[in-house]
Structure formats: C-alpha cells, structure tokens
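**Student:** Below is one structure. I have some questions about it.
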Amino acid sequence: MGSLPGYLFKKTLGRLFAVKAPSNNVNQLWRIDRDAVDMSSSELETSGLQDKATVKGITVLPDGSTPVQLGSGIVTGILGEGGAAIIYEIRNKQLGLQRAVKLLKPHFTRDSYNRFLREFRISIQLSNPNLAVVHSIGQWNKLPFIEMEKITGFSLAEIVAKFGPLPTGLVTAIGIILCKALEYLHSCSYEIDKKMYRGLLHLDLKPSNILLSDSGVLKIMDFGLSTPAEEVGGLSPKAGVGSSQYIAPELLLGQAPPDVRSDIYSLGCILYELLSGVKTFPGPEEESVMELRQTNTYVSLKKFSKSIPPDLVRLIEECLSLKKDNRPINIESIRKDLEQIHQSVTRLSPESTIQTYVIQRKNNQPFTLPRPLPTSKSIVRTTGVVVLIAGTVAIAATFLLQSRSGRLSMKRLTAKVPSLSEKVKADTAAITKDTPPLSSGASGILEDSGFYATEARSGQTAVMDSIRRAWSSRKFDRIISLIGRLPPDLAQSKEVQLYKLRALGRGGEELGRMLRQTELLDGEYYFHKARYQFVKKDYKNALINLEKAQSLPCEFLDKRILGREVLLYKSRSLTSIFRTDPTSANLKAALDSWNRFLELVSDHPMGIHSKEAQKEKQNLVAEAEWRGIS
C-alpha cells in the first residue's frame, strides 16, 4: 500500500473524481479526470513529510523565468509566496488559458501537508462567484500542487499601499460583497471523509488575500487555514496560524474557540484599513504589534476623517471588539447595516461600484460615484416646503400690493408662482443630479500650491472660517494674526496648531520653538517637524519623523497628498546623506527612493518635482562615477 500519507492522497483523489459542480453555474462546471492529474508514481512521495520541518536535501523550485512544465501548462512567472507554498503562473498555449498553481514547498511538515490536502478537498466543493475556482490537484517532482483559476488584478493590500484611504462608497461596496461571500461560507455544505459538514470558517481574511479582478469582481483567495465550524473547538491558539494583524483575539491570545465572529473581527480590521489607509495595529516590529493586540488598542476611525459616516465607524468598532460577545452575532446583520450606509452614499449597487472603480482606475480617471436616488418621501417633503414658502411669499406680496395701490393683479402674482408639477420636476432633477467630477488627488497636486486639503470644516467659529480663507489665499501673516485673536482653548486646538505650523513655513526660530513646545499625535505634525530638520540639515532625524508622518493618521490633510510629500523629502534627505557619506548603500537608497517617487508622479512627467527627481538621479549617477562608487 505504501506510506500512509501517499495512500490517503490517492484515496482522496478517488473520492473526488465523482464530485460535480452545481449545474446552474456554467463557470463552475468542471470534472476531475484521473488521467489529467499528473501522478508520475503510484503514490505521492512523502520522504519530506515530517512531524517537524527538516533541511535534508535540496529541491530546486522553478524561479519563474525558465519554462518548466507544471500542471496543465508551462511556468511563466511567480504570483506570490507564503510560508508553506509558492503560487506560480502557468500558460497552456494549446488551450489558450492561464492558471495559477499553488505548489507546496519541499520538506513540508505533516501539519502543512494536511492543511494543503484539506484546502483542496474543501475548495473544489465550493461554488460562489467571489471565490477562486479550483480545477485539479497533482504533483511536481514529488511535491503536491493545486491548480486553480488565475485572477488578474490587484489585492486590496496593493490598492491601499498605492492610493491610501479608499472612498466610503467603495469600502461599503467591498464590505457588502465580502459579507455575501462569508454568508455562503458560514452556511455551505461539503463532504470530508464521507462525513457531511455545514459551515466553514475562513480564519485568514486579510487585504492581501482579497483581489479586485480586472473584470471588476471581488475574489477571496487562500483557504489554507479554513476549518469546519464544528471542528474549531480542537484548534490550538498561538499555533502560528493567521496574521497577527488580522487574526481574531480568541485565536491569537487563546481566549476562546473561534466561531463566525472570528471572521467578523478580521472583516473589521480590513474595513478599518481600507477607510484609514493604515493597519489597525501599526508597528515596525512584531513585538509592538503584539503589544497593541494584547489590549486591542487602535486609533479610532473618527480621528482619520470626519467624512466617514458615524454609523460605519460604530459598526466597524463593534466588529473589532476584544470579546466575541460584543461583536455582531452574524455576517447577515453586518451586511444589512452596510447596505443601508451604502445606499446613503450612492445609487450604484455594490457590484457596479467595484466595477466602476476598476474601470476608472484602469483608464487613469478620477473615481466618482453618482449620488443616491431620492426617496418618494424626500421628494414630497422637499416639494411641500417649497410650495409652502412660495405660498407665503405670494400672500405677503398680495397684501403689499393692496396696501400700495388698493388693487391686485392676481394674474401677475400667480404667473410668478411655479405650478406643483413643475416644482416637483425641478426639485427631482436637482436632487438626483450626479456629483460633479472631483480631482482624484493622484496627479497634479505637487505641481501647484494646493498641498493641503482646502475643504472648509464646519462647526467652528467665524474666525476659523477666516483662517481657512486666509490659508486658501496664502496670506500667512494674516493667519498668524487671526490665531493671535482666538481664545486660548481654541488657539490650542489641533486644527489651529496645524494651521499655524503651515503658516510658519519650513524654517525660522518661531517654527523651531513651536515644534519644541508642542507635540501633536498627527502625521502632518511630524511632517512639519521632519521638513524643519531637513532645512537644519539634520537628515537622520528627518527620516525618523518622516516614517512617523507616514504611519500616523492625519485629521486635517489628505493622507495620499501627505504620502507624496513625505516620499519627496525622504528622497531629498537620502540624497543629502549620500553626499555627506558617499557609499554604495547610501547611493542605492537614494536612487531607489527617487525611482519610487517617479512612479508615484508618473502621470505628471513634466511637473516640477518630476523634473527634480530625474535631475537628481542623473546627478547621483554622475557623482558616483567620479567618486568611483558602483
């Protein structure tokens, strides 16, 4: 019979040959053909299958650059890599298709092998438009692999890294689709070892496992840690499973067995990151992340942007509760709440919202969403108010004319009052008018004086409005003068302090004194501090504060705009460090930073800062050449 794992592998394949996908989904109709599964030996080689990983022997894996036969095609690249497996891109020229192949790494442990096998056995029975399709299983050089659908697009992690916080309407759309997929997983039926199960926990939801395809469809990937809901009681916490950024506390800290609310916690972390542009528990080291996780300490979403609906903030923070009992009881309730919020933001369905985003991003267009359609009640209410006002004006005008001339021309008066039907049409058109195009903030922002967000903020005093207008007009002395007239409590508020920092510019004793006396927990504050240190030629501390500026939220400034300025000053600082300490490492750091900056402003190649980056790269290369540095 051979080794036990090899026998189980063969036996599992034999059971799965008879599995068929639901007939109502054409894209999911597949059948595993015994001959199509490439088994070069009678059983799976298990010499590397140990209770603990070993380092005996070396198996050279495809590097993605050499055409190697793998599964039903030839390797054309590497799509990703995890702790236990590598995902390759393969192409079959005869069939004209591309797929992805997940190959288990050599000397896999028994635990990773069992998880890999279970992932296949479960995934091939799932049928949902937001889950990747699994096609077959096989082996390459005695290593098992899973062949699956190849999805072209970008992960949510890549999108947030490039564009920063995402619009509320897009985040609610993504959240709703994720909820629908999780609803399916938490109630689906499947068979393992002739035993039927109901309900599956994903347990590894994170932005890097969620893709927006080029066709505008959201896809959840990687079911390596998925576990039947009725078997979670046997899961051991702190077993190195999941990501410390997203895994639920009950698994990470061993507080309780996981359940559907564990996936809800991970969903909360994902929505938080999409809205804020930063991780829920940011930290440069795993130790600092774990310290925050112990107490479930994170910055409230209210601190990032006042435009985030309060109901959405409340919902996400409920999902992020440390104790399971304080989280929503199921995914369905979250979906319904998200749908209500989404409908208040845009008339587009969640699916159409994601498709619109993907299309506009592919065409390098700003992402805009049409406003929601008005309800019948809002139309009647608006029309009633207008008619009431119009009637009051007509009556007042009547008495005024009578008092002046003693006679009334009703014909002239009624001609000035719109009819009810005309008013309804006009109000409906005004209410349903699309939002005018907005700047995406992805281009041109560094080439003009609009460094800071200029949107006025309500709820302050008339003096604050004057300060904002003075900033828009670049009247810096007037800003300082106006701040001097404010009462002490308002003068010490974060917004006023940041306006003062903006007005003081990049240098000067007053700016330095203010930075020494005041510290604000805001990314913009640390940017001002870094820029001041750059002017003072304190480049190392400037880099430290630039990192802080990038990791902290910004309450009164677009995070994407700040990110570009941070990268600009980081590139300038690294260039200056190279010129004071001309080494190969410092040269590489400066060139890499300028290259990243050029990628960021690639849609504005003739802008002033794009030209600066290109010039500095040329200067660095020339300086390195005459210094004899490679």
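**Student:** Does SER266 meet the test of being in contact with a strand residue (DSSP E or B) (Cβ under 8 Å, 6 or more places away or on another chain), touching a residue at least 40 places away in the same chain (Cβ under 8 Å) and part of a helix (DSSP H, G or I)? Before the answer, list the steps.
**Tutor:** Values: in contact with a strand residue (DSSP E or B) (Cβ under 8 Å, 6 or more places away or on another chain): no; touching a residue at least 40 places away in the same chain (Cβ under 8 Å): yes; part of a helix (DSSP H, G or I): yes.
In short, no.
**Student:** Please go through the stretch 279-291 and give me each residue that is modelled with pLDDT under 90 and surrounded by 13 or more Cβ atoms within 10 Å (Cβ to Cβ), ordered by number. Working first, answer last.
**Tutor:** Here is the first cut: in the stretch 279-291, the ones modelled with pLDDT under 90 are 282-291.
Correct list: PRO282, GLY283, VAL289, MET290, GLU291.
**Student:** Select from the stretch 116-147 the residues that are over 31 Å from the mean Cα position of the chain (by Cα) and of a type in the set (A, V, I, L, M) and write down the one among them that is surrounded by the most Cβ atoms within 10 Å (Cβ to Cβ).
**Tutor:** Taking the candidates together, the pick is ILE137.
**Student:** May I pose another question? Please pick out the residue among SER344, SER300, SER333 that is out of contact with any strand residue (DSSP E or B) (no Cβ under 6 Å at 6 or more places or on another chain), closer than 15 Å to VAL260 by Cβ and small (Gly, Ala, Ser).
**Tutor:** Numbers: SER344 fails: closer than 15 Å to VAL260 by Cβ; SER300 fails: closer than 15 Å to VAL260 by Cβ.
When all the criteria are applied, what remains is SER333.
**Student:** State all residues of the stretch 183-213 that are in a loop (DSSP other than H, G, I, E, B) and in contact with a Lys or Arg (Cβ under 9 Å, 6 or more places away or on another chain); if no residue qualifies, say none.
**Tutor:** CYS188, ASP193, LYS194
**Student:** Check off (1) modelled with pLDDT of 85 or more; (2) over 26 Å from SER593 (Cβ atoms); (3) surrounded by 14 or more Cβ atoms within 10 Å (Cβ to Cβ) for GLU495 and give me the number that stays unchecked.
**Tutor:** (1)
**Student:** Considering only residues that are of a type in the set (Gly, Ala, Ser) and part of a helix (DSSP H, G or I), which ones fall in the stretch 600-630?
**Tutor:** Start the filter on the stretch 600-630 by keeping residues that are of a type in the set (Gly, Ala, Ser), which leaves 602, 607, 610, 613, 622, 624, 628, 630.
SER610, ALA613, ALA622, ALA624, listed by residue number.
**Student:** Can you go through PRO106, PRO129 and tell me which one is closer than 21 Å to ILE359 by Cβ and either in a loop (DSSP other than H, G, I, E, B) or charged (D, E, K, R) (or both)?
**Tutor:** Values: PRO106 fails: closer than 21 Å to ILE359 by Cβ.
Matching residue, one of PRO106, PRO129: PRO129.
**Student:** Report yes if ASP592 is assigned by TED's automatic domain parsing to the domain that holds TYR532 and over 30 Å from GLU495 (Cβ atoms), otherwise no. Don't jump to the end; show me each part of the working.
**Tutor:** On the way: assigned by TED's automatic domain parsing to the domain that holds TYR532: yes; over 30 Å from GLU495 (Cβ atoms): yes.
The answer is yes for ASP592.
**Student:** So, of the residues in the stretch 298-322 that are at pLDDT 90 or above and not in a helix (DSSP H, G or I), which turns out to be surrounded by the fewest Cβ atoms within 10 Å (Cβ to Cβ)?
**Tutor:** Kept after step one, since they are at pLDDT 90 or above, are these residues of the stretch 298-322: 298-301, 308-322.
Adding the requirement that they be not in a helix (DSSP H, G or I) leaves 298-300, 308-309, 320-322.
Working: TYR298: 18, VAL299: 16, SER300: 12, ILE308: 18, PRO309: 15, LEU320: 23, SER321: 17, LEU322: 17.
Among those residues, the one meeting the criterion is SER300.
**Student:** Please find, among LEU568, LEU587, the residue that is crowded, with 19+ Cβ neighbours inside 10 Å, of a type outside the set (D, E, K, R), closer than 26 Å to PRO165 by Cβ and at pLDDT 90 or above. Don't jump to the end; show me each part of the working.
**Tutor:** On the way: LEU587 fails: closer than 26 Å to PRO165 by Cβ.
Step by step, each of LEU568, LEU587 is checked, and only LEU568 is crowded, with 19+ Cβ neighbours inside 10 Å, of a type outside the set (D, E, K, R), closer than 26 Å to PRO165 by Cβ and at pLDDT 90 or above.
**Student:** Moving on to the next point. Check whether at least one residue in the stretch 529-540 is farther than 17 Å from ARG596 by Cβ, touching an Asp or Glu at 6+ places or on another chain (Cβ under 6 Å) and buried (at least 23 other Cβ atoms within 10 Å of the Cβ), and report yes or no.
**Tutor:** no
**Student:** Next up: Inspect all residues belonging to the stretch 456-465 and state whether any of them is among the hydroxyl-bearing types (Ser, Thr, Tyr), surrounded by fewer than 13 Cβ atoms within 10 Å (Cβ to Cβ) and not assigned by TED's automatic domain parsing to the domain that holds LYS279.
**Tutor:** Pass one, the stretch 456-465, residues among the hydroxyl-bearing types (Ser, Thr, Tyr): 458, 461.
Among the residues that remain, those that are also surrounded by fewer than 13 Cβ atoms within 10 Å (Cβ to Cβ) are: 458, 461.
Restricting the remaining residues to those that are not assigned by TED's automatic domain parsing to the domain that holds LYS279 gives 458, 461.
Yes, the stretch 456-465 contains a residue that is among the hydroxyl-bearing types (Ser, Thr, Tyr), surrounded by fewer than 13 Cβ atoms within 10 Å (Cβ to Cβ) and not assigned by TED's automatic domain parsing to the domain that holds LYS279.
**Student:** Testing LYS537 on (1) more than 22 Å from LEU600 (Cβ to Cβ); (2) touching a residue at least 60 places away in the same chain (Cβ under 8 Å); (3) not in a helix (DSSP H, G or I), one condition comes back false. Which one is that?
**Tutor:** Result: LYS537 fails condition (2) only.
**Student:** Further, regarding this structure: Looking at TYR190, TYR184, TYR113, which one is in contact (Cβ under 8 Å) with a residue 60 or more places away in the chain, closer than 19 Å to PRO228 by Cα, surrounded by fewer than 20 Cβ atoms within 10 Å (Cβ to Cβ) and of a type in the set (Phe, Trp, Tyr)? Working first, answer last.
**Tutor:** Numbers: TYR184 fails: in contact (Cβ under 8 Å) with a residue 60 or more places away in the chain; TYR113 fails: surrounded by fewer than 20 Cβ atoms within 10 Å (Cβ to Cβ).
One residue alone meets the criteria, TYR190.
**Student:** So is LYS615 assigned by TED's automatic domain parsing to the domain that holds GLU547, surrounded by 13 or more Cβ atoms within 10 Å (Cβ to Cβ) and basic (Lys, Arg) or not?
**Tutor:** Numbers: assigned by TED's automatic domain parsing to the domain that holds GLU547: yes; surrounded by 13 or more Cβ atoms within 10 Å (Cβ to Cβ): no; basic (Lys, Arg): yes.
So LYS615 does not fit the description; no.
**Student:** Now a separate question. Here is a check on your reading of the model: is ARG293 in contact (Cβ under 8 Å) with a residue 12 or more places away in the chain, assigned to a helix (DSSP H, G or I) and out of contact with any strand residue (DSSP E or B) (no Cβ under 9 Å at 6 or more places or on another chain)? Steps first, please.
**Tutor:** Numbers: in contact (Cβ under 8 Å) with a residue 12 or more places away in the chain: yes; assigned to a helix (DSSP H, G or I): yes; out of contact with any strand residue (DSSP E or B) (no Cβ under 9 Å at 6 or more places or on another chain): yes.
In short, yes.
**Student:** Being among the basic types (Lys, Arg), on the phi < 0 side of the Ramachandran plot, assigned by TED's automatic domain parsing to the domain that holds VAL217 and not in a loop (DSSP other than H, G, I, E, B): is that true of LYS336 here? Quick ask: steps written out before the conclusion?
**Tutor:** Values: among the basic types (Lys, Arg): yes; on the phi < 0 side of the Ramachandran plot: yes; assigned by TED's automatic domain parsing to the domain that holds VAL217: yes; not in a loop (DSSP other than H, G, I, E, B): yes.
Yes, satisfied.
**Student:** Looking for whichever is over 30 Å from GLN69 (Cβ atoms) and modelled with pLDDT under 90 here; the options are LYS162, LYS142, LYS150, LYS180. Which one fits? Talk me through it step by step, then tell me what you get.
**Tutor:** Values: LYS142 fails: over 30 Å from GLN69 (Cβ atoms); LYS150 fails: over 30 Å from GLN69 (Cβ atoms); LYS180 fails: modelled with pLDDT under 90.
Residue meeting the stated conditions: LYS162.
The values are calculated or read from the model by the stated rules, or taken from the named source; none is laboratory data. Computed from a predicted structure; not experimentally measured. Neighbour counts run over all protein chains shown; Cβ positions are idealised from the backbone, glycine included.
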